[in-house]
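Undergrad: So that we are looking at the same thing, I have put the structure below in structure tokens.
Every number in this text was worked out from the coordinates using simple rules, so none of it is lab data. Predicted, not measured: the structure shown is a model, and the values here were computed from it. Neighbour counts run over all protein chains shown; Cβ positions are idealised from the backbone, glycine included.
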Amino acid sequence: MDETDHGEKDSATIEQRHLQDAKHTLGRKLRELRTACGLVQKDVAQRVFSTRSTVANVEAGRQVVDRVFWQQCDTILNAGGGLLDAYDAYRRLEKQYQTQRSEAALRARWGAAAEAALDRPPVSNLLSVHPRSHPAEPAGGDLSAMIASAIGEPAQSARADHTIPAPGGRHFPGASVEVEIYPATDDGRIVATIPRTDAGRQWRHPLQRRIVAGRTVTSTSDGLFGLDSRQASQRLVDTGDDVRLLIPRAYQLDAITAAVLWAVANLDQSLLLDDARLETTRTAAAEYSRLARSAVSADIGNDLDTVSRMWLGSAFCADHISRQWDRLTETPTFWTREQTGEEASTWLLFRHKLRYLDATATRTATSSQRATRMFCVPRSAVEASTESERILLLLAVALMESFGIDTAVTDEPEYGTLPGLVLTPQRAIVATWLRADGVWHVDVTDQRAAIAEYRDAAAHVQAHSVIAGDTTGSRMQALADYLNLDWTRLRHRCAELGDHGLSGIADPRSRLLCLDGVDRACRFVGSLP
């Protein structure tokens, strides 16, 4: 599997068998290098903080795992970058496959309308809220400045239309948001003036997510404030010659509102398109709920978008932990695999994850020991993330702290291969769905060697957490510092958005999503000293 192989497929249709062939080639490459170094699978597993079964599954072409695993294997097997290049090539092929499937689903649903939308280049030039592909060029920066740059100079007419891309990511397929911009005044209130002919036009039942925005221009600064078009259609006030729209100041389009809008647009689109298929697949997956151990490949959701498979795996893992909870005799430590804002947005927006957090917090509330949830967020992941993504990650951590769960973060990348865990001194519930090759891998183990490995990792992270602090406020401020976020500004904006709620600007359509988690996180951050 090399660059040439994938380059030839760029203009062709990628099929599932192409991915499977590439996966087998990748596994065979690992096996050949391991054998040449005189190592057995257990040796490799121990050196990359994984398990022998994972190495075996990778070599057999059943799993691919994540980039950290391949980076470490490349180093210990002296591959000179060959393994890492092969892994990256596989992920590019996988991304192309998912893009083709997503576009095919849109065409099947919308016909000619989808064809026109897919063929039309975006009007705006908004920079991606997802990291640039080249690791030496971290995206980052002020997203509000990106929006201002994309929209350009104030329109000369009463209205300006833009298509703002909500870019794809490692998991997100990519979506777009229509933005209509009208002149607005700022006299302590944000009031947009809208021509009568435009009022309500395609606002009440838009096929595509649409924002109605007011642009303010003052001697010191410009501002852009928006409402979801369905919300805007309910707030219009007729003044005779035109109509006025009062937009809450909290809904300024900046890094935090753009972050939530980006995540909602991507998650919403996939889950809506897959709703019926997802329900059918979830019914089929229910048979595994009787098992304490199961690992299900992507074949179970082969016709689902990546986001839908993420939802399926996340929901199954949450249910697995709930089913096995009574086997735990002590307050557990949780190990969480999210490293980026894209991944962490699932905590903020998946409806079932909020129920899961509430249930686990209730179960540990009577204990004298507080539960702790641990993250591995390497510095490289921070540097490759935009400000908006880093805000989503911080809000996800804040959501957990709001339930009385302490948090700890390590920046050491070698811990990125640990599975999702609920750990006590005698037992571990394994529940992995994120950055796994299959849809999920769940288990319950009291195996001494495994428990010792997990316990040592947790103890190390607790002792060397980059956000160590005695209080929630100190931990959150330390996290903001680590993520290079303006804590004072973030607290102020979260307080504003917590009061208003985010439904006014990023209301999800899917029944599987809700804003209760992100609203709660904003209120919590806004309340901290």
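Undergrad: Can you compute the FRET efficiency between S221 and T193 using 1/(1 + (r/R0)^6), with r the Cβ-Cβ distance and R0 = 22 Å? Round to the nearest 0.05.
TA: Details: r = 20 Å, r/R0 = 0.89.
FRET efficiency, S221 to T193: 0.65.
Undergrad: Here's another thing I want to ask about it. Can you pull out the cysteines in the chain that have no other Cys Cβ under 4.7 Å?
TA: If one checks each Cβ against the other cysteines of the chain, C37, C73, C317, C376, C514 turn up with nothing under 4.7 Å.
Undergrad: Taking Rh as the Kirkwood radius, which is the inverse of the mean 1/r over Cα pairs, what is the Rg/Rh value for segment 218-342?
TA: Values: Rg = 22.0 Å, Rh = 19.0 Å.
Expressed as Rg/Rh, it is 1.16.
Undergrad: S345: net charge of surrounding residues, Cβ under 10 Å, Lys/Arg +1, Asp/Glu -1, itself excluded?
TA: On the way: positive: none; negative: E338, E342, E343, E389.
Computed value for this residue: -4.
Undergrad: Once fully extended, how much extra length lies between H352 and D499, figured as 0.36 nm per residue of separation less the alpha-carbon to alpha-carbon distance? Show your work: numbers first, answer last.
TA: Values: separation 147, 0.36 × 147 = 52.92 nm, distance 2.34 nm.
The H352-D499 span can extend by a further 50.6 nm.
Undergrad: Can you tell which of H500, V466, W325 lies farthest toward the positive end of the dipole of the chain, using +1 and -1 charges on the Cβ of basic and acidic side chains (Lys, Arg; Asp, Glu)?
TA: Working it through, the farthest residue towards the positive pole turns out to be W325.
Undergrad: Using only DSSP helix segments of four residues or longer, with each worth -39500 (n - 2.57), what per-residue ellipticity at 222 nm results for the chain after dividing by its residue count and rounding to 500? Write down the numbers at each step before the final one.
TA: Values: 21 runs with 256 residues, N = 529.
The helix contribution divided over the chain gives -15000 deg cm²/dmol.
Undergrad: Give me P(r) over segment 260-527, computed from all C-alpha to C-alpha distances, binned every 10 Å, as integer percentages.
TA: With a bin width of 10 Å, the distribution comes to 7, 30, 38, 22, 4, 0.
Undergrad: Could you give the length gained by full extension between R370 and A60, i.e. 0.36 nm per residue of separation minus their alpha carbon distance, to one decimal place?
TA: On the way: separation 310, 0.36 × 310 = 111.60 nm, distance 4.12 nm.
Difference between extended and current length: 107.5 nm.
Undergrad: Still on this structure, please answer the following. How would you rank E103, E94, going from fewest to most other Cβ atoms within 10 Å of each one's own Cβ?
TA: Working: E103 16, E94 19.
Ranked by crowding around the Cβ, least crowded first: E103, E94.
Undergrad: Okay, moving on. With no solvent and one equal point scatterer per Cα, compute the Debye intensity ratio I(q)/I(0) for segment 3-105 at 0.14, 0.17, 0.18 Å⁻¹ and report its log10, rounded to two decimals.
TA: Listed by q, the Debye log ratios stand at -0.54, -0.75, -0.82.
Undergrad: In addition: Could you work out the relative contact order of the chain? I mean the mean sequence separation of Cα pairs under 8 Å and 6+ apart, divided by the number of residues, in percent. Could the numbers behind the result be given before it?
TA: On the way: 922 pairs, mean separation 75.1, N = 529.
14 percent.
Undergrad: Taking H placed 1.01 Å from N in the peptide plane, check which residues at least 5 places from H171 or on another chain put their amide H under 5 Å from its amide H.
TA: none
Undergrad: Also: Mind pulling the angle between the C-alpha long axis of helix 16-36 and the longest principal axis of the chain? Nearest 10 degrees, somewhere in 0 to 90.
TA: Around 40 degrees separate the two axes.
Undergrad: What's the angle, to the nearest 10 degrees (0 to 90), between helix 67-76's Cα axis and the longest principal axis of the chain?
TA: Computed tilt is about 40 degrees.
Undergrad: May I pose another question? When the gyration tensor of the chain is built from Cα positions, what are the square roots of 5 times its three eigenvalues, in whole Å, from largest to smallest?
TA: Details: eigenvalues 321, 154, 90 Å².
Gyration-tensor ellipsoid for the chain: 40, 28, 21 Å.
Undergrad: Which FRET efficiency value, to the nearest 0.05, is calculated for T445 and N484 with the Förster distance at 35 angstrom and r the Cβ-Cβ distance? Mind showing how you got there, number by number?
TA: Numbers: r = 38 Å, r/R0 = 1.08.
Rounded to the nearest 0.05, the efficiency is 0.40.
Undergrad: Taking the chain as the reference, fit the longest principal axis to its C-alpha atoms, fit the long axis of helix 472-482 to the helix C-alpha atoms, and give the angle between the two in degrees, 0 to 90, nearest 10.
TA: Roughly 90 degrees, rounded to the nearest 10.
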